[in-house]
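In what follows, a single structure is set out as structure tokens and then discussed.
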Ligand code: ADE
């Protein structure tokens, strides 16, 4: 089990039946370097440690019958309260429960989470959590997409990856993420690099011109074309926002 940092570093408190899954992918590359540099921290707890019966049961069959098992609210409750009690101030900490029934994760949510002091993520397994625990602790259900994973851990990793890369100092080039897909509202333009001739294929001539203004214009047009053809929903939202902004100016 890792310990929470004493200073006010953005912390992910994870409640899971599989603490050995962490940091996993988050221990590598950008997020991993940030973790090593203590730009964020990970505080993992095994939910089973909060079971009280002799078999350390964390789940039970659903009331009303049916398949699968449901995670017990008393066990989850003790785990959540243990984490909350360990914090000097739990008010600016988000409480997240990854679930396919939740609000869809997007860049806006990642940014909102990055502005908090941290997050408690309750990773469900089996059929999920008893509804009373979700309501009592006002857990925010967050989905990473319209498909079903076998547990909340994989979703927690995706959520955390989107957030920690936004924390100050994690991205080498601070402005890098401002150009990312979804930060501008458009998908990113195409990228090209060495070699200049690969299998007889050349990058667009303009990118070799050294003319920064023309390159920026080409990239903006390319981003708009890609967004319009691949994600008309995003393009419509972008155009509506742009329209509002010009109306504000008038
Ligand atoms: N748990 C299972 N499926 C999930 C999903 N799509 N998003 C978040 N958590 C999940």
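For segment 127-139, give me each residue that is on the phi > 0 side of the Ramachandran plot and within 11 Å of the ligand (Cβ to nearest atom).
Residue satisfying the conditions is 128 alone.
Going by what's in this entry, would residue 172 be described as over 13 Å from residue 99 (Cα atoms), out of contact with any strand residue (DSSP E or B) (no Cβ under 7 Å at 6 or more places or on another chain), modelled with pLDDT under 95 and in the same structural domain as residue 241 (by TED's automatic domain parsing)?
The answer is no for residue 172.
How many residues are outside any helix (DSSP H, G or I) and under 24 Å from the mean Cα position of the chain (by Cα) if we restrict to segment 221-250?
Number satisfying all stated conditions: 1.
If I ask for residues that are in contact with a strand residue (DSSP E or B) (Cβ under 6 Å, 6 or more places away or on another chain), outside any strand (DSSP E or B) and surrounded by 15 or more Cβ atoms within 10 Å (Cβ to Cβ), which ones from segment 103-123 would you list?
105, 113, 117, 123
So the check is Cβ under 9 Å with 6+ separation or different chains; which pairs have a first residue in segment 217-244 that's exposed (fewer than 13 other Cβ atoms within 10 Å of the Cβ) and a second one that's at pLDDT 95 or above and in a helix (DSSP H, G or I)?
Pairs that qualify, where the first residue is exposed (fewer than 13 other Cβ atoms within 10 Å of the Cβ) and the partner is at pLDDT 95 or above and in a helix (DSSP H, G or I), are 217/206; 229/235.
So which residues in segment 140-168 are assigned to a loop (DSSP other than H, G, I, E, B), surrounded by fewer than 20 Cβ atoms within 10 Å (Cβ to Cβ) and within 11 Å of the ligand (Cβ to nearest atom), if there are any at all?
Correct list: 145, 146, 147, 148, 149, 150, 151.
Condition check: within 12 Å of the ligand (Cβ to nearest atom), farther than 16 Å from residue 40 by Cα and under 12 Å from the mean Cα position of the chain (by Cα). Does residue 107 satisfy that?
No; evaluated as a whole, the condition is false for this residue.
Here are the criteria: (1) more than 30 Å from residue 15 (Cβ to Cβ); (2) surrounded by fewer than 16 Cβ atoms within 10 Å (Cβ to Cβ); (3) touching a residue at least 40 places away in the same chain (Cβ under 8 Å). Tell me which single one residue 191 does not satisfy.
The one condition residue 191 does not meet is (3).
Give 114, 29, 86, 99 a once-over and let me know the one that is in contact (Cβ under 8 Å) with a residue 60 or more places away in the chain, within 30 Å of residue 182 (Cα to Cα) and assigned by TED's automatic domain parsing to the domain that holds residue 147.
After applying the criteria, what remains is 114.
Only one of (1) over 27 Å from residue 106 (Cβ atoms); (2) in contact with a helix residue (DSSP H, G or I) (Cβ under 6 Å, 6 or more places away or on another chain); (3) outside any helix (DSSP H, G or I) fails for residue 189. Which number is that?
Single failed check for residue 189: (1).
The values are calculated or read from the model by the stated rules, or taken from the named source; none is laboratory data. All figures in this text were calculated on a predicted structure; none of them were measured in a lab. Every residue, glycine among them, receives a Cβ derived from its backbone with ideal geometry; neighbour counts consider all protein chains shown.
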